[in-house]
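The values are calculated or read from the model by the stated rules, or taken from the named source; none is laboratory data. Only a predicted model underlies this, so the values are computations on that prediction, with no experimental measurement involved. With ideal geometry, Cβ positions are generated from the backbone for all residues, glycine too; neighbour counts draw on all protein chains shown.
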Amino acid sequence: MVSDKRDKFDSERAICKLGKDKTLKNHLNEFLELVKDPRYYCSKCGRIAHKKKNLCEPEKIPDSDNLSLD
Ligand SMILES: [Zn+2]
């Protein structure tokens with residue numbers, strides 16, 4: 001069996017790219033830590049994350065007070 005270096009979870013990486021291999025499935029707990037209390041969204045992929053470095057096109061999520069969701 002060949003060990004796959006891409007399978008190593010890198011918390012500095014954009015989560016947008018983790019779904020392309022099995023990294024996300026194999027490191028679900030680490031992934032959930034990155035998306036907990038999200039403050040940024042990716043304007044390209046629609047993903048969310050707590051840190052902007054984990055998104056490829058990060059945009060700040062506006063304060064929920066200013067959003068009208070209904
Ligand atoms: Zn993205």
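Within the stretch 45-60, the presence of a residue that is modelled with pLDDT under 90, among the polar types (S, T, N, Q) and surrounded by 13 or more Cβ atoms within 10 Å (Cβ to Cβ) is excluded. Sub-7 Å Cβ pairs linking a first residue in the stretch 10-28 that is closer than 13 Å to A49 by Cα to a second residue that is within 16 Å of the ligand (Cβ to nearest atom) and of a type in the set (K, R), at least 6 apart or interchain, are E12/K53; I15/R47; C16/R47, ordered by first then second residue.
Scan the stretch 18-25 and give yes if some residue there is within 13 Å of the ligand (Cβ to nearest atom) and modelled with pLDDT of 95 or more, otherwise no. Looking for residues that are within 13 Å of the ligand (Cβ to nearest atom) and modelled with pLDDT of 95 or more, one finds none in the stretch 18-25, hence no.
Please enumerate the residues belonging to the stretch 36-70 that are assigned to a helix (DSSP H, G or I) and either free of Cβ contacts under 8 Å to residues at least 12 places away in the same chain or in contact with a His (Cβ under 7 Å, 6 or more places away or on another chain) (or both). S64, D65, N66 - these are the residues of the stretch 36-70 that are assigned to a helix (DSSP H, G or I) and either free of Cβ contacts under 8 Å to residues at least 12 places away in the same chain or in contact with a His (Cβ under 7 Å, 6 or more places away or on another chain) (or both).
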